[in-house]
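In what follows, a single structure is set out as structure tokens and then discussed.
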Amino acid sequence: MAHARSGSSRLPYHAVASVLLLAACFMTVSSLLQALQLVETTNPVASALHRFRRTQATTTDPALIIRRALEPPTQPQELPSWPVEDPVPNPPKADGNSTFSACLLVMDDNHRLMEWMAYHYHVLPLRYMIVVVDPRSKTSPSSIFNEWRRKGVYIEEWTDRDFWRKELKLLPIPDDAVLQIKRDRHRGRQKYFYRKCMINLKENNRTWVALNDSDEYIIYNHKGGDSYEQWNKKRTDRFLSNPHHKIKQLLVPSKVPPTTAQQGGMIEYIRQEQAAGISYYQSPCIGIPRTTFGADESSFETTIKYIPERLAKDSRIAPASQLDTIRFRKHAGRNDFVKNALGKVIMDVSRIDMAASPKFMSLHRPIKSICATPWHNDWDVGLRINHYLGSWESYTIRDDCRKGGERSWEQWEYKATTNGEYEDDIIQPWLKGFVKAEGEEEATRLLAKAGLPEGYKNTNIDAWRLHPDKLNAILTEPEVVSNDGKRVAFDRWVRNKYGTRSDLANA
């Protein structure tokens, strides 16, 4: 195959196709992909179609999603450089009743933080944060946070010693530690940090606190503004036409809800619905379902309408295709608890005695006495969290403690190709609203370096494959009968991908 091309001559396309058909039975997946790429480079029609698909088309073909991830870099690319800065002085604290706060754990999330900060600053509005950087992180987010301190966001940067239980030793975990040790430290840090963070926020007269990660965005669970009436009619018709919904309730807003374009609209909307007596908003611990978005990107024609013309052309910021909230619109079914996993919460710490509360149980149900079970029906909730899987490069940019287990090439491929049944554009208006509120020049400056450089690739897939012992267990053991639907579905997908244990060497 290596000699298929010589100088400027081209191998006839039908000849290449014949060779592929003959060789397919003996080729590994990686070799077959290389051969497919050869077809595209040896046939001008195939090459043109490939370029068109990469720049314009929307696809639901899982093979194309994976082939994009496996493509070699278009040109050498390095990750953005992030200056190491000391935190600048914080601004005066904003009023806690009219703004949101957040507790956030980060690790090499700078490429996502630019977009995450801009969105939540504009929509919630986020004005107070407590952040902890993982000690294994190779980058510092302080330069990003300094930009938002200058915009009025009060940000405390903690270390593990600020919240870790004093009676416990805080020993560093080496990079080669086994997966379970890394995972246990990760989950222990979560519980200790979030509890201490919310105690601190209560002492600082905060109210609503967001606990979502840097790949998660809190949004309204409905279209708003002029689009609401038509959207709500279709939603109501679907609800009433399903006989299984007789015992369910459909949440109906007291007024036409806002869109994400409205500056600071979320906390105002929550207060409005509380005052109107809408039951969903009455608890100090509001459960929010998550919706998982796969890696199938929407077309250029679809996404460009959500981007202000100046930002679409400005070379100082990442292309629009690099913003997760713009490029990814395809997601799993709303009430699919296997694909979307457990929901999360926002909490009003002004109404909770955090110091006297039992230990923080989990992000999904922190305090059992006031937080509902984390399986939230989409029909009776007013908020939602968009959870973005992201590109392969974004998924693997950090040395995640779950690498080879809960995070792997197989996990990414599974989620990338099986979470695209539906489309949603409720979140997209935020970008135009943000530009209108901040001005084109300021919005451009704040969104600089958002996302990863165009053309950046991570081709080191082998380092992210499932651990051999875990893969072997999936392929050799009978299908697990378990309450863990997520595990059962993934294991079944792995068996379908690799076949029997004897097939693994050819996969």
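Provide the net charge surrounding R327, with neighbours chosen by a C-beta distance below 11 Å and charges set as Lys +1, Arg +1, Asp -1, Glu -1. Mind dumping the intermediate values first?
Numbers: positive: R329, K330; negative: E115, D296, E297, D324.
Within the 11 Å Cβ shell, the charges total -2.
Students often get this wrong, so check it: of K233/K255; K196/K339; K202/K436; K223/K330; K93/K255; K368/K415, which have C-alpha atoms separated by over 22 Å?
K196/K339; K202/K436; K93/K255; K368/K415
Scan region 334-384 for chymotrypsin sites (Phe, Trp or Tyr not before Pro) in coil per DSSP, keeping those whose Cβ has at most 16 other Cβ atoms within 10 Å, and list them by number.
Values: sites: F337, F360, W375, W379; in loops: F360, W375.
Listed in order of number, the matching sites are W375.
At most 15 other Cβ atoms within 10 Å and a DSSP loop assignment: could you name the trypsin sites (Lys or Arg not before Pro) in region 367-448 that fit? List each step's numbers first, then the result.
Numbers: sites: K368, R384, R398, R402, K403, R407, K415, K432, K436, R445; in loops: K368, R398, R402.
Answer by residue number: K368, R402.
Sequence neighbours fewer than 8 away in the same chain don't count; with that in mind, list the aspartates and glutamates whose C-alpha is under 18 Å from K457.
E71, E78, D108, D109, D296, E297, D324, E393, D399, D400, E410, E413
Please compute the length gained on full extension between N204 and R310, using 0.36 nm multiplied by the number of residues separating them and subtracting their Cα-Cα distance. Display every interim value, and only then the final one.
Details: separation 106, 0.36 × 106 = 38.16 nm, distance 3.93 nm.
Residue separation times 0.36 nm, minus the Cα-Cα distance, leaves 34.2 nm.
Sorted from largest to smallest, which semi-axis lengths in Å does the alpha carbon gyration tensor of region 379-438 give for its equivalent ellipsoid, taking the root of 5 times each eigenvalue?
Details: eigenvalues 159, 59, 27 Å².
Ellipsoid half-lengths, sorted descending, are 28, 17, 12 Å.
How much length is gained on full extension from E423 to R161, taking 0.36 nm per residue of separation minus their Cα-Cα distance? Could the numbers behind the result be given before it?
Working: separation 262, 0.36 × 262 = 94.32 nm, distance 4.31 nm.
Here the segment from E423 to R161 would lengthen by 90.0 nm.
Using a 1.4 angstrom probe on the protein heavy atoms only, line up E413, E273, E309 by accessible area, largest first. All intermediate terms of the calculation are to be shown ahead of the outcome.
Numbers: E413 25, E273 0, E309 130 Å².
If we order E413, E273, E309 from most to least accessible, we get E309, E413, E273.
Express in whole angstrom the spacing between the alpha-carbon centres of region 122-139 and region 211-276.
Comparing the Cα centres of region 122-139 and region 211-276, I get a distance of 27 Å.
Taking the Cα centre of region 245-310 as the origin and placing charges on Cβ (Lys, Arg +1; Asp, Glu -1), which of I307, P284, G294 is farthest toward the positive end of the dipole?
Positive-end residue among those listed: P284.
Given a Förster distance of 35 angstrom, what is the FRET efficiency for S279 paired with V84, based on the Cβ-Cβ distance and rounded to 0.05? Display every interim value, and only then the final one.
Numbers: r = 48 Å, r/R0 = 1.38.
With a Förster radius of 35 Å, E is 0.15.
Under a point spin-label approximation (7 Å from Cα along Cα-to-Cβ), what is the R238-E147 distance to one decimal in nm?
The two pseudo-label positions are separated by 3.6 nm.
The values are calculated or read from the model by the stated rules, or taken from the named source; none is laboratory data. None of these values were measured; they are calculated from a predicted model. Here the Cβ is made from the backbone with ideal geometry for all residues, glycine too, and neighbour counts use every protein chain on show. Accessible surface areas use protein heavy atoms only, side chains included; no ligands, DNA or RNA. Shrake-Rupley method; radii C 1.70, N 1.55, O 1.52, S 1.80 Å.
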